[in-house]
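Here the structure comes first, spelled out in structure tokens, and everything after it is commentary.
The values are calculated or read from the model by the stated rules, or taken from the named source; none is laboratory data. Values in this document were obtained by computation on a predicted structure and should not be read as measured data. Virtual Cβ from ideal backbone geometry, glycine too; neighbours counted across all protein chains shown.
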Amino acid sequence: MRIHVVLGVLLFSVTAATAGLVPIGDPFQGHSWGQTFQVSEGVAFDSLVVQMTSPGDYFESATFRNFSLDGWQTVYERDDQPTLAVAEGPGTDGLNTDIMFTGDPDNPLDFNFNTYDGSTPVESYQVGWNGYDWQVTLGDVPAPGAVVLGVIGLGLIGWAKRRIG
């Protein structure tokens, strides 16, 4: 009996830990294509960072769309065909958003998805699309690095603009 309880707790723990990022529904056509994701961390976060890791693949400009909560917006995209995008908003423990991709939805791609509370990393996921199904793997929480410092810098610039303007 004890082993069943221990195994049940372990399985529940693994399931609960990987439930933070979930694709909702089927991919949809946009200018290229997109997918709705539900982010539910169980702890507060106020920024999302995605970084494309498969060579030759890009997010569509206006990477994040249709946030389920007011006040969220894309604050940074690298280049016209971004491989890095950042969104910020009021602190929350869950929201839905669409992430947009270029190219054909039949082609596989991989990207990292990270959540932050201020400059503190909350969670990290490796996300893969094989042309017909999503794979979401809980990853190592990234240490504050260039991406986080960039987000902080954008926040400070926005604050300075609001104070001056």
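Take D106 and tell me if it is under 21 Å from V136 (Cβ atoms), acidic (D, E) and surrounded by fewer than 20 Cβ atoms within 10 Å (Cβ to Cβ). Outline the logic, then answer.
Numbers: under 21 Å from V136 (Cβ atoms): yes; acidic (D, E): yes; surrounded by fewer than 20 Cβ atoms within 10 Å (Cβ to Cβ): yes.
When the stated conditions are applied, D106 passes them.
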Legend entry - Which numbered condition T97 misses (of (1) more than 18 Å from N66 (Cβ to Cβ); (2) touching a Lys or Arg at 6+ places or on another chain (Cβ under 9 Å)): (1)
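With the requirement that a residue be assigned to a strand (DSSP E or B) and surrounded by fewer than 22 Cβ atoms within 10 Å (Cβ to Cβ), what does the stretch 78-87 give you? So that I can check it myself, show each step before the final result.
First, pick out the residues of the stretch 78-87 that are assigned to a strand (DSSP E or B): 84-87.
Selection gives L84 alone.
If you go through the stretch 24-46 one residue at a time, how many are outside any strand (DSSP E or B) and either at positive phi or surrounded by 13 or more Cβ atoms within 10 Å (Cβ to Cβ) (or both)?
First, the residues of the stretch 24-46 that are outside any strand (DSSP E or B): 30-32.
So of that shortlist, the ones also either at positive phi or surrounded by 13 or more Cβ atoms within 10 Å (Cβ to Cβ) (or both) come out as 30, 32.
Final tally of qualifying residues: 2.
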Inset, instruction - Would you mind finding the one in T36, T53 that is of a type in the set (S, T, Y), closer than 14 Å to M100 by Cβ and out of contact with any helix residue (DSSP H, G or I) (no Cβ under 6 Å at 6 or more places or on another chain)? - result: T36
Inset, instruction - Go through the residues of the stretch 102-109 one by one and say whether even a single one is touching a residue at least 40 places away in the same chain (Cβ under 8 Å), among the β-branched types (V, I, T) and under 14 Å from V39 (Cβ atoms). - result: no
Legend entry - Count - residues of the stretch 47-77 that are more than 17 Å from G128 (Cα to Cα), touching a residue at least 60 places away in the same chain (Cβ under 8 Å) and either basic (K, R) or surrounded by fewer than 20 Cβ atoms within 10 Å (Cβ to Cβ) (or both): 2
Legend entry - Within the stretch 105-165, strands (runs of 3 or more DSSP E) holding 3 or more residues that are at pLDDT below 95 and within 14 Å of the chain's Cα centre (by Cα): 120-129
